[in-house]
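Inspection log for the structure reproduced underneath, given as structure tokens.
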Amino acid sequence: MSEHRVKQQLNKFKAEQKAQSRKRKFVESYIKENPNRFEDKLTAVKVTQKADQNLFANAIRELMKKN
């Protein structure tokens, strides 16, 4: 694999990770700003599930372990 190709793939991976991080931070800030409203929490869950299915699945697993 050429060095140029490796750099392209690395940059693509970094961009994807930054996008996921931005989505996660957006949802977290949304929850912090509106912690008391059920509708807001439900919306945050829906957004998280659509934006990052792995994060959503991990959160459900952690909740199941606690119970």
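Some notes on this structure:
- Filtered residues of the range 55-67 (kept if touching a helix residue (DSSP H, G or I) at 6+ places or on another chain (Cβ under 7 Å) and either surrounded by fewer than 11 Cβ atoms within 10 Å (Cβ to Cβ) or aliphatic (A, V, I, L, M) (or both)): 55
- As a summary of the residue check, residue 52 satisfies the conditions (1) of a type in the set (Asp, Glu); (2) touching a Lys or Arg at 6+ places or on another chain (Cβ under 9 Å); (3) loosely packed, with under 12 Cβ neighbours inside 10 Å except for the one numbered (3).
- Selection from the range 7-33 of residues that are within 10 Å of the chain's Cα centre (by Cα) and aliphatic (A, V, I, L, M): 19, 27
- Checking each residue in the range 13-45 for being at pLDDT below 80, in a helix (DSSP H, G or I) and loosely packed, with under 11 Cβ neighbours inside 10 Å picks out 32, 33, 38, 39, 42.
The values are calculated or read from the model by the stated rules, or taken from the named source; none is laboratory data. Just so you know, these numbers come straight off a predicted model, no measurement behind them. As a convention, Cβ positions derive from the backbone with ideal geometry for all residues, glycine included, and neighbour counts pool all protein chains shown.
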